[in-house]
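The values are calculated or read from the model by the stated rules, or taken from the named source; none is laboratory data. Just so we're clear, the structure is a prediction, and the values are computed from it rather than from any experiment. Cβ placement follows ideal geometry from the backbone for every residue including glycine, while neighbour counts extend to all protein chains displayed.
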DNA sequence: CAAAGATTGTCAGTATGCTGTCAATCTAGA
DNA sequence: TCTAGATTGACAGCATACTGACAATCTTTG
């Protein structure tokens, strides 16, 4: 057998491939987010970063990247843009000259309060076409899959554990 | 009531949001794809484009973007790179001077044959952590959701219908 | 304490993705 | 036919993402 006959190459195989579906769904999710939030000058990534900084005031960029599973390189420019919009500020850490601490500003906290309803509408719209039971089933499976595949991505999620090495006053 | 008390802002709400999970899963999917296919100089997007051009020889860029649901602007550079690698070639359409027809080259067809097993391994790996029944359930729900949300994205999938206006000799 | 090693923020380079625009070209209607 | 409108490929500009590298800085070790 010099060459095994390959399966026929069809677009249907592409349309049914997990990778294609994940990409497509991501495009759709971003599109819905931007539509619901067009009154606010925030992208999904910037929103997640703001939430994380709000939840962990004084976090540094490297730990932030672990908490939201974003690439450290990418995060640099995201932070820059958030700072340019005056939603966050960077302060040098007194005990480590390499580190810059991130804090939400008043306008940052304000925009967060205002945008949350729009974000929730967006999240709901993404799943709206499914029956409620199916929405729940899909989310359950996705949470599992993302968790079990955590190490497969370049920047695994390190959630709260990532903060254990931070100097906490508690 | 001057201001309604907002729900507490937690990272768990972010981690459970559909949009966040889709983004995360997309990152993971790309990472796995690139790892399995590192022997071949092809990205997931370039792979999908190659398959579509193989399936629809002589397609033009605009219709290609509809068939794989990629942005027309983005596709331009993707095509450029595929052409630079000598995997496809562009020929001017005789009856319409605006259009450039896309064809797979011999090296393009060859790389497609070679990469397919790696791509299938990648697709399988993405779902591997789930039980077989759960994989099937997830894919079924995702196919539904992507289809029902088709119009929500900037570039809805137009699959084969997009080709109806193409001059077909058959 | 000095050298080796690790960490942090940053940058260059590449590759999607999106919005908006434009000239060239084709099409449809007056 | 002549022109208003649509289509096509291309481009500029912005925003993720990833790889790999780097200087400054901190930590660990001998």
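Output the number of residues of segment B:70-100 satisfying the condition of being touching a strand residue (DSSP E or B) at 6+ places or on another chain (Cβ under 8 Å), surrounded by fewer than 19 Cβ atoms within 10 Å (Cβ to Cβ) and in a helix (DSSP H, G or I).
1
Can you tell me how many residues within segment B:22-69 are on the phi > 0 side of the Ramachandran plot and touching a strand residue (DSSP E or B) at 6+ places or on another chain (Cβ under 7 Å)?
Result for segment B:22-69: 1.
Would you pick out the residues in segment A:34-53 that are crowded, with 18+ Cβ neighbours inside 10 Å and more than 14 Å from DNA strand C (Cβ to nearest atom)?
A:42, A:47, A:48, A:50, A:51
Mind checking whether some residue in segment A:102-123 is modelled with pLDDT of 95 or more and near DNA strand C (Cβ under 10 Å from one of its atoms)?
Scanning segment A:102-123, I find at least one residue that is modelled with pLDDT of 95 or more and near DNA strand C (Cβ under 10 Å from one of its atoms), so the answer is yes.
Does residue B:112 qualify as being within 19 Å of residue B:45 (Cβ to Cβ) and in contact with a strand residue (DSSP E or B) (Cβ under 6 Å, 6 or more places away or on another chain)?
no
Kindly indicate whether residue A:31 is within 13 Å of chain B (Cβ to nearest Cβ) and either in contact (Cβ under 8 Å) with a residue 40 or more places away in the chain or away from DNA strand C (no atom under 13 Å from the Cβ) (or both).
No.
For segment A:124-160: of the residues being over 19 Å from residue B:12 (Cβ atoms) and assigned to a helix (DSSP H, G or I), which is farthest from the other protein chains (Cβ to nearest Cβ)?
Among them, the one singled out is A:132.
Yes or no: residue A:52 assigned to a helix (DSSP H, G or I), within 7 Å of chain B (Cβ to nearest Cβ) and within 23 Å of residue B:8 (Cα to Cα)?
yes
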